[in-house]
1. Mind checking the full-extension length gain between Phe22 and Glu48? Use 0.36 nm per residue of separation minus the Cα-Cα distance, one decimal, nm.
2. Treating only the Cα positions of the chain as identical point scatterers, give the base-10 log of I(q)/I(0) from the Debye formula at each q in 0.12, 0.17, 0.18, 0.24 Å⁻¹.
3. Need the full-extension length gain, Leu67 to Ala31, defined as separation in residues times 0.36 nm minus the C-alpha distance. One decimal, nm.
4. Which one, Thr45, Thr58, Thr15, has the greatest fluctuation when you compute a Gaussian network model over the chain with C-alpha springs under 10 angstrom?
5. Label-point separation (nm) for Val41 and Gln76, each offset 7 Å from Cα along Cα-to-Cβ?
Amino acid sequence: MSGDHNMYADQERATRPTVDRFDLEQEIFNAWHVVDDLETVKRYTSDECIKAIDAVKTLADVRFRKLMDTFETLIQERKL
């Protein structure tokens, strides 16, 4: 069964378009929009949920900043 899984994974990889570090960077920024989305949701949420949304928003922002720092380090070190 695992051989079948690898075969399908190989086929999927073969049909994907080639991507580069710029595609990765764009995907990071696209994913980062979740922070903006949470801010939008806050406008339509009761006061009791706003603190929880702020906490999730802050956590997501910190994680994306860390991810971007790692990405930039890899670029500077020419590892990506």
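1. The span from Phe22 to Glu48 would gain 5.4 nm if fully extended.
2. Debye output, listed in q order: -0.59, -0.82, -0.85, -1.04.
3. That pair, Leu67 and Ala31, stretches by 11.9 nm at full extension.
4. Thr15
5. 3.3 nm
Since every read-out is calculated from the coordinates, none of them should be taken as a lab result. Everything numeric here is computed off the predicted structure, so don't read it as measured data. Cβ coordinates were reconstructed from backbone atoms using ideal geometry, including for glycine residues, and neighbour counts include every protein chain displayed.
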